[in-house]
Every structure is written in C-alpha cells, then in structure tokens.
1. Kindly indicate whether any position in region 101-113 is modelled with pLDDT under 90 and assigned to a helix (DSSP H, G or I).
2. Considering region 194-222 alone, what residues qualify as being out of contact with any helix residue (DSSP H, G or I) (no Cβ under 9 Å at 6 or more places or on another chain) and free of Cβ contacts under 8 Å to residues at least 40 places away in the same chain?
3. Quick one: which residue in G219, G150, G193 is surrounded by 15 or more Cβ atoms within 10 Å (Cβ to Cβ) and among the small types (G, A, S)?
4. Among the residues of region 130-168, write down those that are of a type in the set (D, E, K, R), at pLDDT 90 or above and under 25 Å from the mean Cα position of the chain (by Cα).
5. Does region 172-189 contain at least one residue that is in contact (Cβ under 8 Å) with a residue 40 or more places away in the chain and under 21 Å from P128 (Cα atoms)?
6. Is it the case that I171 is more than 18 Å from E136 (Cα to Cα) and in a strand (DSSP E or B)?
7. From the list L152, L225, pick out the single residue that is touching a residue at least 60 places away in the same chain (Cβ under 8 Å) and assigned to a helix (DSSP H, G or I).
8. It is to be established whether one or more residues within region 159-172 are out of contact with any Cys (no Cβ under 8 Å at 6 or more places or on another chain), more than 20 Å from E90 (Cβ to Cβ) and surrounded by 17 or more Cβ atoms within 10 Å (Cβ to Cβ).
Amino acid sequence: MSRRPTHDDEDEDLEREEAKAALERARDAMPRAPSFWQQHDLGVVIFALAVFAGGVLAHRRLTTPSLMSFDRDGLHFQRPAGWLPGIRPEPRPAALAETAVNFGGNPLAEAPIDASPQDEFHEIYVSPRDARRRIEVKITPPPLYKNLSGALSVARMAQYGEMYWVRDSEIVSIGKRDWLRTEFRYAFKIDKGGSPQIAEAAEFATMNEDHLYVVVAHGEGRELLEMRALLRDSLKVQALSEPQP
C-alpha cells in the first residue's frame, strides 16, 4: 500500500528543484573557455596577412617600371619605358668627363644626327627624375685587332679622360653568349663650372663578325644594381641572318 506524500516530501522536492536551478544559473554565470580560434586570434592574423600581401603586390605594381624593348642591328634588351627618348651625344675630347646628357649647357638638347659616323650608333636614354640614371648604347664595327678588353679601355679613356678607374671586370654568360662585364667609376661635372663628382657604371660588351655592342648602365647604389640586373636578364644578340622573332 503506497504512502501518501507528506508536506515534508513536498518541501524536499522543492528544495531539490531550487538547488538544481541554482546550479544551472551558476554554470551559466561561469566564464566559458575560449574557442581555439579565439585563443589564437587566427581570424585577425589571417586578415592582417591578407592585407599585408595585398599591400606588397600593390607596392610592387606601382614601383616596378613598365619596360620597352630596344632592337637594333641584332641587339635586344629591355629598358624603362618612361625614360626620355634617345639622345645622340656629340663627340667630345678626352678630358674630365661631363655628364653624358649635358650638351652645351642644355641637359636635354640633342646633338646633330650626323655627330657620329654613319656606320656607328650611339644613343643615351635618360631618367626624367635623375639625369645621372641612364643607359648608354654603342653599336660600332668590331675592332680590327679583335681585342675586346683593350678596345673598350681605349674607348673609356677617350670618353672619360684619365679620371676613371675599373672596379671589377669578368666574363659572364648571357643568352648563350659571353659578355665582358666591367664596373667602373669616373669623375664628371654637372656643368663646366661645377665641382667634380664621382659616378658609377656597369658596362656589358660583346662582339661578332659585324658589330661591337656596348651597353652601359649609369647610376649609383640600389638603382644601378637594378639596371644592371635588368640588362643581365634581357640582353641578347641575334645574328642578322636569323629571322626576327
């Protein structure tokens, strides 16, 4: 025979319900352990990395100059497209070198087209931001005695006078052809009344049966290294009998 619930039993049930509810409220009030993502802020890190990568790509796109091709008499290389059109320098006596773009006091004046013999090509491409940054191209008949190093040394002496000195010179392979790379410094003047300054250059030269090719990057520091790398990666000499690409 079952026992009827008494008031004491009802009180005990009520106390148990209240204790259970209090326990649940206490659990809800306790701070929960953060999730794995919250602990390591992975969302923030991934977002920051994405922003950084986008910034790097945008900066590279803005700072990398657009390029254009030089093609003449079998010589090919890449040069900055935003530079000034080619300037033909005037022949000058062997003396303390002036800047290769200073013609008669006007740094942008062009020399007469026939300043060099018809079978020679000599042009200079200058940065509009800094006239010391330039690429110089010479295409001439090969020296009769086939001494590339000697011919270049004589040509530098004629162009820069005695105030130049070679820092390094070596044979490098570019486009399946040997080039003589020579790094040198020379003294120059911005104008005739100015004080001598020191400039740096990296010269690449090679020759075949028809031509002597000389390409010189002028500049300083990191900018000269960038121009030297650009030439090293793009220089090519193609035989005139070969079909053009």
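1. yes
2. G194, S195, Q197, I198, G221, R222
3. G219
4. Correct list: R133, R134, E136, K138, R167, D168.
5. yes
6. Values: more than 18 Å from E136 (Cα to Cα): yes; in a strand (DSSP E or B): yes.
Yes; evaluated as a whole, the condition is true for this residue.
7. Values: L225 fails: touching a residue at least 60 places away in the same chain (Cβ under 8 Å).
Only one candidate passes the filter, namely L152.
8. Here is the first cut: in region 159-172, the ones out of contact with any Cys (no Cβ under 8 Å at 6 or more places or on another chain) are 159-172.
Remaining after also requiring more than 20 Å from E90 (Cβ to Cβ): 162, 165-172.
Narrowing the set further to residues that are surrounded by 17 or more Cβ atoms within 10 Å (Cβ to Cβ) leaves none.
There is no residue in region 159-172 that is out of contact with any Cys (no Cβ under 8 Å at 6 or more places or on another chain), more than 20 Å from E90 (Cβ to Cβ) and surrounded by 17 or more Cβ atoms within 10 Å (Cβ to Cβ).
The values are calculated or read from the model by the stated rules, or taken from the named source; none is laboratory data. In this text the structure is predicted, and so the values were computed from the model without any measurement. Using ideal geometry, Cβ is built from the backbone for each residue, glycine included, and neighbour counts are taken over all protein chains shown.
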